[in-house]
Amino acid sequence: MADFDPTTPSIARVYDFLLGGKDHFAVDREVAGRLLAVAPISADVMRENRQFLARAVQWAARQGITQFVDLGCGMPTAPNTHDSVRQASQDARVVLIDNNAVVLAHLRALAAHGDPGVTAIEGDIREVPAILGAVGAAIDLTRPACLVMGALLHFFPPDAARDLVAAYVAALAPGSYVVLSVGRGDGDTADRGFGAYSSGGTAAYNHSVADFTGFFGPLALVEPGIVDARLWHPDAAPDGPLPPRTGQSLVGVARVG
């Protein structure tokens with residue numbers, strides 16, 4: 001893997017560590033450690049995000065969607081998009097996109113030896129025409145698909161995040177779904193947490209609820225709208241209101257057309 005540098009932290013591997021995975025290195029654990037030292041709730045928030053993504057793609061599969069595109073998918077730490085989709089639709093096609101060499105090695109092994117319905121694409125999700133060209137070679141974008149951008153947009157300023165979503169949505173057929181999530185928080189603890197993560201070399205942005213809602217543009221939100229990840233179609237209804245805390249995974253799903 002010519003592009004692999006074990007001395008540079010990776011968003012995907014830090015995320016893997018927070019999820020309790022095993023595919024990370026000392027430099028990734030160092031960044032995660034700085035984050036957890038000031039915002040220990042971060043690991044819970046990322047696990048809740050991952051669980052939301054699993055529920056969201058299964059929900060989309062139950063609506064009849066058979067094509068899924070996961071932008072900046074990261075390590076295939078469980079629960080992951082392809083395994084979650086398979087629980088609801090055995091024949092669905094899943095396209096996974098990332099630009100990290102270690103992530104791609106895992107994804108290509110999965111596609112080659114585990115699941116012929118999975119396509120791994122190497123690319124920078126900011127290069128929209130190139131990514132869409134590669135995706136269009138793997139699935140039929142004239143038919144409805146589910147686009148996933150999970151725990152990704154908090155690495156972009158608000159205007160850039162909104163424009164990026166709009167560029168991908170413009171390529172989706174009517175009847176498609178868009179799944180978005182970001183980590184966010186309130187108060188000094190959240191500020192220190194985002195600062196600690198950004199100290200690893202990748203800026204992270206604490207988007208407001210209004211900014212996150214704006215990322216969907218004119219799309220119609222699926223009920224219950226923009227909510228804490230724990231409240232989006234949970235497997236079991238919460239026992240009363242969620243207690244206040246400093247951080248959350250803010251999520252939503254919208255329909256195209």
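Here the spin labels are modelled as points 7 Å beyond Cα on the Cα-Cβ line, and at Ala220 and Ala130 they lie 3.7 nm apart.
Decide, for the stretch 109-257, between rounded, prolate and oblate: order the square roots of the alpha carbon gyration tensor eigenvalues as a ≥ b ≥ c, take rounded if a/c falls under 1.5, and otherwise choose prolate if a/b is larger than b/c, else oblate. Judged from the Cα gyration tensor, the stretch 109-257 comes out prolate (a/c at least 1.5, a/b above b/c). Solvent-accessible surface of the stretch 23-99, averaged per residue with a 1.4 angstrom probe and all protein chains in place: 37 square angstrom.
In the stretch 1-146, carbon and sulfur make up what percent of the accessible area (probe 1.4 Å)? C and S atoms contribute 53 percent here.
Annotation: extensible slack from Ala26 through Arg255 equals 78.4 nm (criterion: 0.36 nm per residue apart, minus Cα-Cα distance).
Applying 0.36 nm per residue to the separation of Glu122 and Arg47 and subtracting their alpha-carbon distance, the gain on full extension is 24.5 nm. Each Lys and Arg Cβ is given +1 and each Asp and Glu Cβ -1; about its Cα centre, the stretch 187-257 then shows a dipole of about 120 debye. Taking the DSSP beta bridges with both ends in the chain, the antiparallel portion is around 40 percent. An oblate overall shape is assigned to the stretch 33-126, the ratio a/c of its alpha-carbon gyration tensor axes (a ≥ b ≥ c) being 1.5 or greater and a/b not exceeding b/c. Calculated mean residue ellipticity at 222 nm for the chain: -12500 deg cm²/dmol, from DSSP H runs with n ≥ 4 weighted as -39500 (n - 2.57), summed, divided by the residue count and rounded to 500.
What does a probe at Asp186 reach in the stretch 234-257, counting residues whose amide N is under 17 Å from the point 7 Å along Cα→Cβ? What the label zone holds, given the 17 Å backbone N cut-off, is 241-251.
Among Gly257, Ser199, Thr189, which residue has its Cα furthest toward the positive end of the charge dipole of the stretch 98-257, with +1 on Lys/Arg Cβ and -1 on Asp/Glu Cβ? Comparing the listed Cα positions along the dipole, Gly257 ranks first.
Electrostatic tally near Val209: other residues with Cβ closer than 11 Å to its Cβ, Lys and Arg +1, Asp and Glu -1, net -2. Within the shell of other residues whose beta carbon sits under 12 angstrom from the beta carbon of Ala88, the net charge comes to +1, with Lys and Arg scored +1 and Asp and Glu -1.
The values are calculated or read from the model by the stated rules, or taken from the named source; none is laboratory data. Please read these numbers as outputs of a predicted model, since none were measured by experiment. When we count neighbours, we look across all protein chains shown, and the Cβ atoms used for this are built from the backbone with ideal geometry, even at glycine. We work out accessible area using only protein heavy atoms, side chains counted, and drop any ligands, DNA or RNA first. Shrake-Rupley method; radii C 1.70, N 1.55, O 1.52, S 1.80 Å.
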